[in-house]
Amino acid sequence: CAIKSEAANMQRLIEKLLFLARSDQNKHSITKIPLATEPLLSEIFQETRLIAPNHQVVLEKNEPATIFADPVYLKEMLRIFIENSIKYTPECGTICLASQKTDDALTITVTDTGIGIPAEDQPKIFDRFYRVDKSRSKATGGAGLGLSIARWIVEQHSSSIELTSSPGMGTKVTVKIPCANEKN
């Protein structure tokens, strides 16, 4: 059982390293299409409820919008944020998804009531291999690559990302994605 678990961890690590290597060499094929975000966020919400039965998962707001994006990469980005929320939010804690449309952009947020991130670590959180608490690596898994992959996906979609967090209070990740228009 321990060998099987360690093999699965190594497989995930190798996949993430290959992803980053391909992104460094501009070898990813991104296919952006007009994408309705309401069904996508609903799907991610339903998945999260299934994989996090010991957490309260909430879809606070899901405003309809169309963005110009690669649905596979967009889902991967959201899953990375959600996986971190699940890992660092105690059982019975809350993970909240929301999307809000403005005239020219869609803002997607993933908010949790987890352990939070100290202010001094927040500027480095998207760096490769960076882990806030090195002693937790075996307990929580991961190699500090997920958020750097998410940042790459955000950048490929001409979007912005912001993280706000307070230790003991939780974390909020906000991604602002331009809405599709006639020029796309």
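The values are calculated or read from the model by the stated rules, or taken from the named source; none is laboratory data. Model, not experiment: these values are computed from the prediction. Virtual Cβ from ideal backbone geometry, glycine too; neighbours counted across all protein chains shown. Side chains are part of the model used for accessible areas, which takes the heavy atoms of the whole protein and leaves out ligands, DNA and RNA. Shrake-Rupley method; radii C 1.70, N 1.55, O 1.52, S 1.80 Å.
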Q | Of all residues in the range 100-118 being touching a helix residue (DSSP H, G or I) at 6+ places or on another chain (Cβ under 8 Å) and among the hydrophobic types (A, V, I, L, M, F, W, C), the one that is farthest from residue 84 (Cα to Cα) | A | 106
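Can you say whether residue 91 is open to solvent by 20 Å² or more (accessible area, probe 1.4 Å), acidic (Asp, Glu), under 14 Å from residue 150 (Cβ atoms) and in contact (Cβ under 8 Å) with a residue 12 or more places away in the chain, as far as the supplied structure shows? Give the steps one after another, and end with the answer.
Details: open to solvent by 20 Å² or more (accessible area, probe 1.4 Å): yes; acidic (Asp, Glu): yes; under 14 Å from residue 150 (Cβ atoms): no; in contact (Cβ under 8 Å) with a residue 12 or more places away in the chain: yes.
When the stated conditions are applied, residue 91 does not pass them.
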Q: Determine if the range 39-48 includes at least one residue that is of a type in the set (S, T, N, Q), surrounded by 13 or more Cβ atoms within 10 Å (Cβ to Cβ), more than 25 Å from residue 115 (Cα to Cα) and at pLDDT 95 or above.
A: yes
Q.
Report every pair of residues separated by at least 6 positions or lying on different chains whose Cβ atoms are under 9 Å apart, first residue within the range 103-116 and in contact (Cβ under 8 Å) with a residue 12 or more places away in the chain and at positive phi, second outside any loop (DSSP other than H, G, I, E, B) and buried (at least 20 other Cβ atoms within 10 Å of the Cβ).
A. 116/88; 116/165; 116/170; 116/171
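Could we say that residue 111 is within 22 Å of residue 163 (Cα to Cα) and either modelled with pLDDT of 85 or more or among the hydroxyl-bearing types (Ser, Thr, Tyr) (or both) here?
Working: within 22 Å of residue 163 (Cα to Cα): yes; either modelled with pLDDT of 85 or more or among the hydroxyl-bearing types (Ser, Thr, Tyr) (or both): yes.
When the stated conditions are applied, residue 111 passes them.
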